[in-house]
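Take a look at the structure set out below.
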Amino acid sequence: MFKGIGASSGIAIGKAFVLEKEILNIQRNTIENLENEKGKLQKALALSKQQVEAIQNKSDEEQKNILNAHLMILEDPELISNVEEKITSEKLNVEAALEDVLNMLASIFESMEDEYMKERAADIRDVGERLMMNLFGKEMLNLAELEEAVIIVAHDITPSDTAQMDKEKVIGFITDIGGRTSHSAIMARSMEIPAIVGLGSITENVKTGDFLIFDGSEGIVMVNPNQSMIAEYEARKEKEMAEKKELRKLVNSDTISRDGRRVELGANIGNPKDAKKSNENGAEGIGLYRTEFLYMDRTSLPTEEEQFQAYKEVLEIMGERPVVIRTLDIGGDKELPYMNLPREMNPFLGYRAIRICLEEKDIFKTQLRALLRASIYGNLKIMYPMISSLEEIRQANEVLEEVKRDLEKDNIGYSSHIEVGIMIEIPAAAIISDMLAKEVDFFSIGTNDLIQYTTAVDRMNEKISYLYNPFNPAVLRLINMVIKNGHEAGIWVGMCGEVAGDPRLIPILLGMGLDEFSMSAGSILPARKQIQGLSYEEMKEIADKVLEMATADTIEKFITQYV
Ligand code: PEP
Ligand code: MG
């Protein structure tokens, strides 16, 4: 049995196909005809571009985005000039020069602290491999040509591999390297193919033809299991499918508790494609659109037009249903290398999110202008992140008003009823939420950050992750206070932190009176089923009891009986 990181849920049962990458023998030679080497580079670049574009034509939206990043690398003037420079100055053959430059670039990304940026090294290696194969005149393995349905076993799965995968032929995949935010993991979830990453050396322990079982939620792989194990997992898989089918019946139903309290279940999304997926999963709205993904994976800020198109697309997909779009929340664990923000001792407590937007007003205005222009296509609500004071809300609203006036001057329309709300994710905001509530249209509680700031526990730090606990009584009291203060001022209160989709917290949050729960699309139907089975009146009493308990442990044990 091998244990890795569950990247995409689902049980996969079938034969292994070990993906072996060709090992190229790259030699270092001194070359006289330098122009010839540069010509070879140009040819390989052109051919690689053609190949990526061809794969892109057959890909879905998510894959297209990633492949776009690949095209950008192939067109990156710096990459090309670096290789040419090396050929000239060292009289080096093109293969060796390219290898040096790729290694240099990949190691820059690999050395970054941020998990997401680290993973971008994989893109460089993926494109680099294609370029190199083309220099050697060799063809890359094409997963579209698999003859039978298999489980792919690989050191790593590249975006070009996944883009060629046919869901009928690929039961699942497992890899040696990668984390939950690696592209291979993101792709697996987007394609709904079960996957485990970060298994260490699974390629050394499995041969093509071996029989495999794995569970993408548990992150466990079994190689050549016995009959009884196979039977057990087949039964589990069947049960899982039956449950999924049962849940699908709730796609179009409302989320109403047993005794008639109605709440809204929204989805957290990062791009328009997620909005489509959330639709299929019965989302009643978008509770959080993390716009920072529009700014990532590229080399410069997105234009107003690019942003407008993305926001419009999401609003159109959701129709009349509410769409809460959060303004740029960069900083902390989310870096934008091209902005050249200074390194900080405590990035989570530093120059980030609304703090950047209020200082770099051009960036903020461009986003607000794109949002306002898109507002006529649906039911837009604008949300500011990382608010810690009333002044910030007022300043942000001033910029918003200024952008509205600019649009009016230009005769460009925008909706007249856009709600403006804030994230409550900093204890300071929670504590003065009675006052903040008077100046906004809604609150959305961001527990991911609220927990870290309340308990002084870095959400990225494995070592102290045992302290990062939503059942911490201080956190629950703050959440309760925010909901009460919001309601007293007559505004609605939602939650878009991970906790909103956690079946252990849902009964408490329902009892506290939370109006909107926003979560990843896959959690919506299970949450709906759970809430339909709960009584609001009973949960109110439960929440009151919980608020009197002094330790996280007591609360967690107590609540288990309602899950
Ligand atoms: C949060 O902090 O709870 C939140 C939803 O925002 P993010 O995870 O993007 O920081
Ligand atoms: Mg946050």
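From helices alone, the chain scores -15000 deg cm²/dmol at 222 nm; the rule is -39500 (n - 2.57) for each run of n ≥ 4 DSSP H residues, then divide by the residue total. Over 30 Å apart at the Cα level, from the set Lys49/Lys404; Lys249/Lys334; Lys58/Lys312, are Lys49/Lys404; Lys249/Lys334. Subtracting the Cα-Cα distance of Ser465 and Phe136 from their residue separation scaled by 0.36 nm leaves 113.7 nm.
Average the reciprocal distances over every distinct pair of alpha-carbons in the range 34-135, invert the result, and give the Kirkwood radius in Å. One over the average 1/r among Cα pairs gives 14.1 Å for the range 34-135.
Note on the chain: antiparallel DSSP beta bridges, both residues inside, total approximately 30 percent of the bridges counted. Applying 1/(1 + (r/R0)^6) with r as the Cβ-Cβ distance of Ser81 and Glu234 and R0 = 56 angstrom yields a FRET efficiency of 0.50.
Accessible surface for Asp553 stands near 90 Å², nearest 10, in the context of the full protein assembly shown (1.4 Å probe). Rounded to the nearest 10 degrees, the inclination of helix 473-488 to the longest alpha-carbon principal axis of the chain is 60 degrees. Relative to the dominant Cα principal axis of the chain, helix 94-110 is inclined by about 20°. Model label sites at Met345 and Glu391, defined 7 Å from Cα along the beta-carbon direction, differ in position by 2.2 nm.
The loop-placed GluC sites (Glu not before Pro) in the range 131-181, going by DSSP, that have at most 11 neighbouring Cβ atoms within 10 Å of their Cβ come out as Glu139, Glu147, Glu148, Glu168. The calculated FRET efficiency for Lys49 paired with Ala474, based on their beta-carbon distance and R0 = 41 Å, is about 0.15. A DSSP coil position with no more than 12 other Cβ atoms inside 10 Å describes none of the chymotrypsin sites (Phe, Trp or Tyr not before Pro) in the range 354-426. Between Asp406 and Arg298, the FRET efficiency from the beta-carbon distance, with R0 = 25 Å, is close to 0.45. Quick one: angle between helix 61-75 and the longest Cα principal axis of the chain, in degrees between 0 and 90, rounded to 10, please. For helix 61-75, the angle is close to 50 degrees. For the range 248-562, the equivalent ellipsoid derived from the alpha-carbon gyration tensor has semi-axes of 31, 23, 18 Å in decreasing order.
The values are calculated or read from the model by the stated rules, or taken from the named source; none is laboratory data. Note that the structure is predicted; figures quoted are calculated from it, not measured. Counting neighbours? That spans all protein chains shown, and the Cβs are built from the backbone with ideal geometry, glycine included. Note: areas computed on protein heavy atoms with side chains; ligands, DNA, RNA excluded. Shrake-Rupley method; radii C 1.70, N 1.55, O 1.52, S 1.80 Å.
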